[in-house]
Each structure stands twice: as structure tokens, then as C-alpha cells.
Amino acid sequence: MRKSFGAVQALRSGTLRVEPGSIHALIGENGAGKSTLVKIVAGVHRRDGGTFRFKGNDVDFSSTAESKGAGIAVIYQEPTLFPDLSVTENIFMGRMPLGAGRRIDRAAMHEEAESIFRRLGVRIDPRRSARGLSIADQQIIEIAKAISLDASLLVMDEPTAALSGVEVERLFAVARSLRDEGRGLVFISHRFDEVFDLCDTVTVMRDGAYVGTEKVAETTVPALVSLMVGREVDDLFPKVDAEIGDVVLSVENLDSPGVFRDISFDVRAGEIVALAGLVGAGRSEIARAVFGVDKYRSGRVTLDGKPIRPGSPRAAIKAGIAFVPEDRRQQGLVIDSSVAHNIAGVIRGRIAKGGLIATGMENKAVRPWASRLEVKTNALDMAATTMSGGNQQKVVIAKWLATGPKLLIIDEPTRGIDVGTKSEVHRLLSELAGQGLAVLMISSELPEVLGMADRVLVVCEGRITAELARGEATPETVMAAATGTTPDQIHLEHEAEAVKEVTA
Amino acid sequence: MNTALDTPPAPTRRRPDVGHILGGLVRSREIAVLVVLLLLIAVATFKSDGFLTGDRWRDLLLTPSILMLLAAGQTMVIITRNVDLSVGSTLGLCAYATGEIMSAGHSPWLAALGGVALGAGLGAINGLIIAVARVPALVITLGTMLVYRGILLRWAGSDRVNAGELDPGFLDLGTKQILTIPVLTILSLLVVIAVGYYLRTARGGRELYAIGSDPDAAALFGLPIRRRVLGAFIASGALAGLAGVFWAARYGGVSSNAGQGIELQAVAAAVIGGVAIFGGSGSVWGAAIGAFLLVTINRVLPILGVSDFYQQAVVGALIIGAIVLDRVLSSRAERRLAVDREATS
Amino acid sequence: MNTALDTPPAPTRRRPDVGHILGGLVRSREIAVLVVLLLLIAVATFKSDGFLTGDRWRDLLLTPSILMLLAAGQTMVIITRNVDLSVGSTLGLCAYATGEIMSAGHSPWLAALGGVALGAGLGAINGLIIAVARVPALVITLGTMLVYRGILLRWAGSDRVNAGELDPGFLDLGTKQILTIPVLTILSLLVVIAVGYYLRTARGGRELYAIGSDPDAAALFGLPIRRRVLGAFIASGALAGLAGVFWAARYGGVSSNAGQGIELQAVAAAVIGGVAIFGGSGSVWGAAIGAFLLVTINRVLPILGVSDFYQQAVVGALIIGAIVLDRVLSSRAERRLAVDREATS
Amino acid sequence: GGDDGDSGNGGGGGGDDAAKITVIPKNLGNPYFEASTAGSERAAKEFGGTIDEVGPGSGESGPDTQVSFIQTATQQGVNALVISANDQDALCDSIEQAQEVDIKVVTFDSDTSCRDVFVSQADAEGIATKQIELIADQIGGSGEIAILSAAANATNQNEWIKLMEEDLKANYPDITLVDTVYGDDDDQKSFDETAALLQAHPNLKGIVSPTTVGIAAAARYLSTSEFKGKVALTGLGAPSQMKTFVKDGTVTEFALWNPDELGYLAAFTADALVKGDITGEEGDTFEAGDLGEYTVGADGVVVLGDPFVFNADNIDDFDF
Ligand SMILES: Nc1ncnc2c1ncn2[C@@H]1O[C@H](COP(=O)(O)OP(=O)(O)OP(=O)(O)O)[C@@H](O)[C@H]1O
Ligand SMILES: Nc1ncnc2c1ncn2[C@@H]1O[C@H](COP(=O)(O)OP(=O)(O)OP(=O)(O)O)[C@@H](O)[C@H]1O
Ligand SMILES: [Mg+2]
Ligand SMILES: [Mg+2]
């Protein structure tokens, strides 16, 4: 199957074959195209090409309603709940059982909801409203929703990202029983232990393309990792070695209940430090806390030894921190205004004369950055919406570079960017480091982490579980720390060869 | 907006049902407004002994019947994150149409039917523009408000429908009572109950809430968003049409400015009744009680010696108060929930 | 809303700047509305050659001056994803205050100052409630609209400020001209230019757009959202106050219903002028031209022999047309851009 | 096109060509002004002129809604304007523009501070005393009464109310005015305000409504309530609207000058001005068809005469 969004080709040749009565794992780096594939199956997106057979006959769902009707249940990566409605209604929305006089049969719904929750072994009051549920509870309700459909195909896109161990076990029990009822399940996860624990077969995707399918019984983590990563790591991520200066940012046991616990680390001038880990590990939260978007309960953040007032992005910007957020369409760009406005957005203070900014002056101030980043926008005052993801990313970076920061925090620098632009962004980052900028990079893409970072901090469930120097950072060590397993479980002796194979 | 209503306080989690219902009752916006309303009436009765006797009682119940219909319709629309400013003009147009049909010698039934049908049609126009072209309802219905009024002005010109031209039986309807309860009031109560029942117990009704609560999620669910929104506007229009019929009966005449400005009252009623202006929550009961309160206040204030001139100000203060209160309550509720999560995690 | 405005048409990409400017001109909403306006005037002049002579010319320019001020203020508020329905009442209250101060024997300057200050104060009340309690502006300003009007009714009662009580020099201001351009018009044009300049080039102005365009992003920018929104409402209030002063000068008298319903006209003017009701885009020039158009239409239609009954309908149609057009253009633009992106990649 | 030229002739006393008169009532759709316009047209037939009626729709409000009509008429170069002003100052520049091109401006029913002649329906004194007199003998000279007015800022309404209050104080010690409410000349508001009055004042014995819309709405409410016949209602009303209520006993007597005659007189006054028979100076006299001779009073006011009282006996003779 093929699918592209504008310039981003999310799926080149997505291929997945799911047998009834089996649990099929779908793995791949962030942006590999897993969710896109899922969304096509669910009827959220229409595929650009390729074939899609369900129970033997060709199908092409134009709406999620159709796929539901056909017996496909999907748990989306991001919870989709109606905060104002009750938990039960959320589970049954769109297909509520009708009782006497076409009125919906609440008793029956609550009944079934209760039983599903019992089955999942959670205690959620089905009558309460969905507003204010914890992310984990929301995830549970997503699962309940899918189960209640009793569909013949159940797709779960990273259902465990936010779940605790016990809950995961329960979910797996249910999944197995469903399999034994002869249903087909697709399970997407970044956690190998889960894949090996639950699944029968595993399909690996990379850059929107099908890489291979293995029987779980007959494969190993390193094998899968090499399938996932399998590309010339080193020249794709050209980090020039810059001489490391003295400490710029230092974070001392930062603590925010429910999200992360006693986080401490330094970032030095000219150094690129990567926060690696699984989706939902808490890296974005850490970054947001450092930048002051989110408040934290205890701990302190200092830049060049000067403490930064918590909970105030303005203070952070003044102090010289730049923050390129995870979802730039949402947070980084002021979509409706022009590139120039966006880039100048945060430096008005500098280029303003008496509080006023002449457009000419603005453009002058902005051009060098834009050209330096090779932002491919023919006119600077073209609307930001109209650019490809890659160019948008560059604009956001330019926007912050224009403030002449000491520290650049960049979350998922290349998410949603086509491979070509990816390496440009990487070159830019190492260049900046070369000029003595301190960079804190959050990335879920292992190769990126390994290629770019001078040091890797691995975050697992809100804790820093490992600090690896460039030399000792390998797919296995990082994965191990990220999944909470230990490297020797992932046969270290193989590791060397594995990487050789990869880089050969 | 008012999670406070739907969310049981943490402790009652063990006995959800009772706890929920109790918590609901105590916190319920509907109850709160109702209490205010009854207090008002009580005070008024105390101050002027004739307040609840004979036709005074009748009018107390009769006058709100029209606004109640509009508030019900407005609620359906607001729940879907839209708003309908055109109901005032729709009312006027439908009231005039009803009158004209009758004065053309047709039966009151036909006339009433015509009025409601016309209303539904006008509502459909709003709905189609908004749902299909996906444009903000606020501006579009502001536009149709002017257009519909303009059409009415053109049609009625300097003419007006007088009591004489209307069917006597129809006019009686405006004052007839059953066990001292005016017929119009009974009718609009029935309508409100019907709408409320639909919103509460029908799939379509719940989907309206879902759409207003999170449009993107609604789309992921494959809910028929356009159809539902269109439906809501048609309903609102039809109810405005019915209100127009009531208007003709109640006031025994229709002029080209009938219903002017009542749309804002309808919105106010819904808001006071606890309907969240950004959709997803609120009940039609609340809106109806809000409408009752709005009308009754203007009735009671003079008795309490509050100057005629202050009445608008009081209504305004009421709206602001209601909203700000909501805000305070809900933010408090959120804090409580955060704490809960800590505890459980 | 109207990315169409900011985006050069695909073909002109080779010569971006020129192409952009041209494309901009062609597509620009401001220009479009201006053209319509001029056409109207041209036709009217053609139909009745006296149309642009002497005092008719003066009034053609004079009458829109008040609405232009309101539209400018409304634009600032709408850009931040809010709306201010209270400007009509604010105008009335400030106009009356100005009159009272003058008839109390104080200087016109003091009176005008008082009017504007009062307006700013009333705007600040709106802004504080909305920005601090974070409640929907639509409902809150609906409330304050009633409250302010109620206060005015109470204050003015059945009394009114008459031309006699006003300072003669002040009254002359209402009709004085410089090179045939009325002073009031010049003043409000200056104000509009100032506001437009601020929005376009001042830090605060840009931040207003940012806030309306994407509140979350604005928060990440570390923009002082509350302060800016409060500022926008204060500005809107102050402009409404100034409009009140103009009102007193222009009509040489103020009664308690001054400015009633003009708030919707102000919103309409902004929308017709291309200000997106959901914030983030639109210019104050557009709004000003929109105001001019709205007022002029009512002036021209009778000349074109369009029944005065139809005037409302025409305005309504204008609003709907503008919005739907926007929608069509922008969705087309988006499609084209998607294609472009394909090409570039 | 602009006929400033021949309007000049018209103004210049060339009585030969028919006077073109534009009538601008407060708003269209008001039976009262329909009657007055009918009168003006009758007059025009007699002195051989033409009448053209334009004005704001009943939906529109605001002091300057009449401006555009005045200006249009000015551009059309009519000979005279007959206006019932919505606001006493707001219209002045447009009126002055008209006068500049020698268009005669007559106001009737409610005045402005700038016009050639004001044709007054009756002097305020007469109207106020007549209504009090009526209500007084309908409630037997004692008890609570209330006033249902039009808009809170309606010039003539407020003047009458003031005079009524003085009259009550002076001559009717047993009658107390308990409340004054405003129906804004809006059907429904007047209707509801009446209901509210009766709710607020259980001992109310009479209502005075010096506005045709108000009295009709009040009568309609009373006729459908238990207060019919118990609470007296009088004021200024249009016979056509009040007929049913006089017949069913809701209303016994109410007053009004004859708007038909008012329009008739206004048209003749305009004609006299156009012909140059009068200039608006105090003391000028002119013939107004079958109404006989009228004299311009102080500051250019012509008074129609005392209000006329309608009751069951005479109401059928009127159809406005
Ligand atoms: N608004 C929120 N409310 C409650 N919990 C949240 C919220 N946002 C995130 N979380 C939780 O905080 C944890 C960390 O989320 P976060 O997005 O920081 O993970 P991450 O490591 O950045 O993953 P990603 O690779 O998606 O960026 C997750 O368990 C997530 O569910
Ligand atoms: N709506 C969209 N518009 C543009 N690009 C998109 C959209 N959805 C996905 N993409 C891009 O398509 C690619 C595949 O995204 P997808 O979400 O399928 O990856 P994934 O394998 O699910 O990653 P993750 O493990 O983080 O969920 C990514 O580059 C993503 O940025
Ligand atoms: Mg995914
Ligand atoms: Mg993240």
C-alpha cells in the first residue's frame, strides 16, 4: 500500500498479512509508517495505491464507520475521547444498543462496560465523565472500546505506551483469549519484550517500506533491530567533532509527579546530548519543564550557572534557551502568518525600533537565517502553512536561532520529514554544535540518536536509566536501557557483528 | 464546562450510583437555577399578595412559553459548537406566514403546520450553508438573521396581521387553560420534554453532544457530523417556527418587527441554564428553566421596586455570574481530579 | 481563513516579488471590497448626478466615521479569537457621559477625554473578566452589553442630552470640513491608520495575531496572552468611547438608545472586510472599508430604486457571500498548495 | 437626475407647476402615519400636487434612519418635505441641505429644531389634560393609575407625561400615578409590559397609553384577561385598531386628533410655503381646504386643534 501526505511519503510499500487466530506485531522506528498503515486499514485515510484484502475480498473503506461495520476494531495511537460524555457512552458511541422505543439501553451498556473492565481487571466507574481521566485510563477505555466491538480484526497502535506493568499483563491475557477465539490481532509497540512475550509473527517496517516478516519464535532482538535500523548510520548522520566547552545547561533532580522523577544532567557548549527512550517515556515533558512550559514540583534548572525561573518560557527565552517543540504544526509555527513573521516572532525585541518593526527591517533580519537554512520559500512573506514539513521544521529552527541562544532544545527534530531534508537538518545541528551551541535533542529514532549524539541519556518511565558516551551507545545498549531489560538479555556478543552487518 | 455536574466526588467511587445521583443533584445547574426561580416567585408573592391569583398566575406561566421553545432549539445548536442568531427573524417570518395563511381563510391547523414547516426550511438553509461550506455559524446566522428579517419587511411592508384576521379558536388558544395551566405552556413544556428526551436517550442526541465535545474524535468515530449539525439547525428553525405560531396566538397580531432581538435572549437563557457555549454539555431542561427565569425576572423586579430601567442590567449580571461561577466550579473540579490521579497512581 | 490573500498564485512563482504583489492586489480582500464600494458610488453618481456634490459628498464621508471606529476596535478583539458585543452599549454610555459633562459646563476637551476614558474603563471590565476568568467573550460581552445599556437607561431615564446643552464649537465639529473632507472622517481615518500601523508593525500588534492564530503556540512563544487580550478589549472600549463622542457631535444629541444594535454592524463590517471570525488574520483597513461599504449601501440602495425594506437583506447577503467566498478561495488555495508541494518534492 | 433647477422655480413661487411633496413618516407600517399620509394625498388632490411617501421600515431604529430618505428626496429636487422626525437633532444637517436648494420643510407630529413650519397635532397641554380627564372619570376620580408610554426617549411622549403629572398633582389629589413603563412602540413589549403592570400593582384601576401601538396592545391584553372592564384604559389610539375593543367593552373612550386631518393640514401648509403664500413668520395665515383658515403661531407652529374623543357612538365613522 502507498500513502503520502503532501511531500511526506508516509507509506512506500506497506505490506502486512494477518492470519486469523494470530497476534501479529508491527514494529519500526518512529515515522516508519505504522500508524499510517493502521489508519488506512481503519478508513481514516484513503490509500493512494496498492491492494487491501479483508476476508478474501478487496475493500476500500472511505470512513471509519465502514471499517467498523466490516468488523475491524482499531485502537489509535492518540486517545480519542469525548470529555463531556460518560465512560460508557465513549465506549459505545456511534453504535449504542437500542432498547424499547428506540431509546438507548443504558443499563445494558453499563452492564457490558462493567464486564469488559472486569475482564481487563480495572476499576473505572462507567458512569463518570471521561473528563480528567489519566492518560492510562484513557488508554484502557480505548482498549475497552475496541474489545466491545468484538471485531474479527483488532488493531492496537501502541496501546501499552502509557500502561503500567499489571495493566499490560491484563491486556495481554485478553489479547490471547481473543486470539484463541480465532480473531486476528495487530500489535504495534516499541517494546521488544512485549513483542516477544505476546506475538506470534512480526513484520518490520522502515521509512514507509516493508522490510520483512519473521516468526517470533525464530528471530531475536538484534535481528529485528538490524532490520529496523538497517542503514548506513555513519554518513547519514555526519556529526563533526566539536571541542566540548564548559557546562551551559545543568538540570538538578527535577521532579514532576506522574511524569518524571529526579532528573539530573548537564549539557556542555558544543555538545549534542540526546534524550532517547520509548514513546511516552517522558522526554518531551522533561524538555517542556526545562523550558518552563510545564511547571515542576522540585529541582532546579541553571543556565551558565544562573538559575531560571520555573514555569516561565519568557524567562527561559531571555536566559538564552531555544525550544523547538515536538509537534511544530501545533506549537512551533504561527500557521497563519508569514515565514518572516514567524522567524522574527521571537526577536522583535532586538530588531524593533521604539517597539515598531518595519517589514523591510524584519525581512532583512530574517533573510540570513532563512538562506543559511536553505528554507525553500520563494517569498519570505509566504504563509507558513504552505510549506512542506521539512521547510516548516527549518523555519522553526531559524526562528529560534535568530534569538542567538546558548542552548537549543529540539524535540523529534526530523519527525515527519522526508529523508532528504532529514540529513540537511542533521548537518545544520552538528554545524551549530561546531560553533559552540549546546544542543539537547530528543529523538525516538535510534539511528539519529546514535549518529548525532555525543552523549545519550536514556529515559525509561520518567527516569534516566542510562548515560552512554558516544562510544558505548549501540542499538542494543540503548534499547536495553529504554525497555528496562539488561543488555546481556540481548546477547551482547552478537551485538558487534550485528552492527557490522548493519553498517556493511 | 460543568464537569462538576457529571463527576462524582472521589469518595463516592465505591457506591457510584447513589453518590453520583446525590452529587449530581447537589451540584446540578438545573436545580440551582430552579431554586433561584422559585425564590423569586416566593418573594414576589410575599410582596404583592395578588401575584399568583387568577390571570396573574396564568400570565406568569404563559409568557415564558415562547422563549422556552427558542431556548430548546438554541440548546440543540449550541451543543454542537454552533449558534443560531437567526431564530428571532425566523420567528417573525413564521408568525407572519401563519397569520397570512389564516387570514387567507385556511384552517388554523394548516396555518400552524405552514409556520413550522417554513421554520424548518429556514433552519435547513442555515444548516446547509454551515455544514456543507464549513463556515462559522456565528457569522452565517448573523447574515441570515438580516436576510430573513429583510424578507419579512419586504413581505409585510407597512402591513400587519391583526387579531381580526385570525381564527377566533386560534386566538383562544393563546389564553385557554387546563386546570389553570395555559395550553401554550403545556404544549411548549411537552416539546421541551420531547427534545430533552431525544438528547438524553436517542443515539442522534448523544452524537450531538459527542460532536460538540470533540469534533475530531467524532470524525474518527465516523459519526455523521454534517447530517447531525444540519439536523440541529433544522430543529432549531422548526422550533422557532412553532414559537412564531405561538406568538401569533398569544399576541393576537404580528407586525414586521416580531421577535426582533429575541435570539440573544434565547442564547442567554441557554447559557444561564448551564449550556456550555463551546458545545458538548448542558441540558435542554436547564435552558428551559433559564428562559423561565429570564422572563419572570422582568415580571418580578418591578414588584421588588427595582426600576424598569435596571431590568436589562440584572439579566446581564445574571449571565456573567452564571458563566464565571461555572468557570470557578469546573477549575476546582479539575484540581480535585488531578489530586485523585496522584493518589491512585 | 484567508490564506488565499497571503499566497502568491502558482504561476507567478518564477518572479516571486512582483508576482506576489500582483497576486496580492488581485486577491486582496481589502482591494476587492474597495472596488465594490467605488462601483456602488460610481453607479449612484451616474444615477443621480447630485450624489457627490456639496453636503451629500460630505455626508457620504461623514456617516461611516462612527462605524469605522467601532470596526477598528472590533477587529483588534476578533483577531485574538474573541468578540466584543458590548461596543454598542459602551458607545451609548460614553456619548451620554460626554454630553452630560459638557452640559455641566465643562470644556468639550474634558468631555471628549471623559468619554474615551470611560470607554476604556468599560472595555477593561470586559477584558478583565474574559482574560482572567478565561470565559468565552461571546457570552460575557453579551452580558456586559445588557449591563452597560441598563446603566445608561437608569442614568438617562426618559431624559436626553439635547443639542442646546452641547458646546457650539463641539457641535460644529460634527459638520466642519477641511478641503471638503469632514473633520470627523479625517480623525477616524487617522485612528484607523494608527491602529493598522500598530497591528502591522508593533510588537504588541503582531502578538495579537499570534495569539488568535494559535493560542498554544503563543504560550510557547512566551507571549503575555492575558495582557494582550486585556489590551485589545481596552482598545475596543476606548474606540467605542471615541465613537460615542463622535456620535454626540454628529447627531447633536444623545438618547438612551444611542448605538443600540450597532455592535452587530461592527462585527459585520469586520467580517466583510476579511477579518476571520476565529482570529489570527484580517486587517483593520479591510474592516474600515467594510464599515464604509455597509453604511454607503444603505445610502445608495434607495437611489438604485431598491426598496428600503430590502436593505437589511442585502447587507445579510453581503456577509454570507463574503464568508462563503473566503471559504471557497481558501480551500482552493489549499488544494493548489498541496499540488505545489508534490511538485517541489 | 438632479432637478435643483425646477425645484428652484417651484420654490420661486411659480404656483403654476404642481408642488412635488415627499412625505417621510417616522416609520412605515404604522397605521397612524398611513392615515396621515392618506390625508396628505387627499389634500394634494385638492390643491393639485403630488405626494410621494418614503421612510424607514418598521424594523429599523436609530435617530438617523430618515437621513438617507431626506437626501434622496433632496437629490430628486422635490418642492417640499413633510416629515415626522424620529429625532429632533439628528436630521438637521440633511434638512438644512434640503433648505439650501430651496426645498420647504414641514414637520408634523414630532418636531425638529430646524424646519420652516411645525404642524402640531394639538398643543401638548390639550392632549395631556384631555387624557387625564378621560381616565379620571373612567375610574371615578380616585385610585391608582399607570402610564404605558412608547420609547423612554420619545420627545413628545415625555412632554405629555410631564404635563399629565403636573395636572394630576394640581387637580386630582385622589389619583396616584404608581408607575410609568415603556413599550417602545413595540406590540409585544407593550403587551407584556401591560401584563407586568397588572401583576405588580394589584390595585391598579386605570392605564393611560398616549401611543397608538401601546393602547392597542394594552387593550388586546385586557380583552383577554379577567381585568377586562375592571381596569380602565384610555389614551391616544387609532379607531380602526380600537374598534373591536370599544365594542367589547374593554375601552370606553379614548382620544386622538384626527391624523387624517393632520396630514391634510401638513400638506396644505407645505403647499402654502411652496406657493409662497406663507414664509413661516408668526401671524402668516393660509387656507387649508375644508379645515378653514389657519394662522402660524409663535416660532412657526401651526396647531391642528383639540384632540377628538372616540367612543362607541362615533367610532364607526372612522376608518383610519
Ligand atoms: N497532558 C497530559 N496529561 C497527562 N499525562 C500526560 C500528558 N502528556 C503526556 N502525558 C504522559 O506523560 C508521559 C510522557 O509523555 P511524553 O510525550 O513526554 O513522552 P515522550 O518520551 O516525549 O514520547 P514521544 O516519543 O511521543 O515524544 C507519558 O506517559 C504520557 O502519557
Ligand atoms: N496527517 C499527516 N500529515 C503529514 N504527515 C503525516 C501525517 N501523518 C503521518 N505523517 C508522516 O508520515 C510518516 C509516518 O507516520 P506514522 O505515524 O505512520 O509513523 P509511525 O510508524 O506510527 O511512528 P510512531 O512509532 O511514532 O507512531 C511520518 O513521517 C509522519 O510524520
Ligand atoms: Mg504511530
Ligand atoms: Mg515527545
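Please treat every number below as a calculation from the coordinates, not as lab data. It should be emphasised that the depicted structure is a prediction, and the values quoted were computed from it without experimental measurement. With ideal geometry, Cβ positions are generated from the backbone for all residues, glycine too; neighbour counts draw on all protein chains shown.
Some observations on this one:
- Sequence-ordered 3J(HN,Hα) estimates for segment A:476-482 from the Karplus curve with 6.51, -1.76 and 1.60 and θ = phi - 60° stand at 5, 4, 5, 4, 4, 4, 6 Hz, glycine and proline given as x.
- A simple spin-label model places pseudo-atoms 7 Å from Cα toward Cβ; at A:Ile135 and A:Arg261 they are separated by 1.7 nm.
- Cα gyration tensor, chain C - rounded (a/c under 1.5), prolate or oblate: oblate
- Highest mobility in the GNM of chain B, judged by mean-square fluctuation with C-alpha springs under 10 Å and restricted to B:Phe51, B:Phe292, B:Phe170, is found for B:Phe51.
- Which of C:Trp285, B:Trp109, C:Trp155, C:Trp247 has the fewest Cβ neighbours within 10 Å, and the rest in rising order: B:Trp109, C:Trp155, C:Trp285, C:Trp247
- Computed from backbone phi with θ = phi - 60° and the Karplus coefficients 6.51, -1.76 and 1.60, the 3J(HN,Hα) list for segment B:96-111 is 5, 4, 3, x, 4, 4, 5, 5, 7, x, 7, 6, x, 4, 4, 4 Hz; x is used for glycine and proline.
- The label point for C:His106 and the one for D:Thr176, both projected 7 Å from the Cα toward the Cβ, are 3.9 nm apart.
- Shown is the FRET efficiency for C:Val306 and D:Thr252, computed with R0 = 56 Å from the Cβ-Cβ distance and rounded to the nearest 0.05: 0.75.
- A simple spin-label model places pseudo-atoms 7 Å from Cα toward Cβ; at A:Ala70 and A:Arg17 they are separated by 1.9 nm.
- Equivalent ellipsoid semi-axes - Cα gyration tensor, chain D, angstrom: 37, 19, 17
- Rounded tilt (10° steps) of C:225-251 against the dominant C-alpha axis of chain C: 50 degrees
- Here segment B:251-303 is described by how far its Cα atoms reach on the three principal axes: 38, 31, 15 Å, from widest to narrowest.
- Helix axis angle, C:311-344 relative to chain C longest principal axis, alpha carbon, degrees: 30 degrees
- Theoretical FRET efficiency, 1/(1+(r/R0)^6), r = Cβ-Cβ of C:Ile186 and C:Ile31, R0 22 Å, to 0.05: 0.45
- In nanometers and ordered shortest first, the copy-to-copy spacing of the B:Ile181 label point, defined 7 Å from Cα toward Cβ, is 6.7.
- Ascending list, in nanometres, of distances separating the C:Glu165 label from those of the other copies (7 Å, Cα toward Cβ): 4.2
- Helix-only [θ]222 nm of chain B, DSSP H runs n ≥ 4, -39500 (n - 2.57) each, per residue, nearest 500: -24500 deg cm²/dmol
- Per-pair calculated FRET efficiency, R0 = 60 Å: C:Arg227 and D:Lys230 via Cβ, rounded to 0.05: 0.45
- Per-residue mean of C-beta atoms belonging to partner chains within 10 Å, peptide A:135-143: 1
- Report summary: the helix-based calculation at 222 nm, which adds -39500 (n - 2.57) for every DSSP H run with n ≥ 4 and divides by the residues of chain D, gives -12500 deg cm²/dmol.
- Rounded to 10°, Cα long-axis angle of helix D:212-223 versus longest principal axis of chain D: 30 degrees
- Exam field: C:Ala133 pseudo-label spacings to other copies (7 Å along Cα-Cβ), nanometres: 3.5
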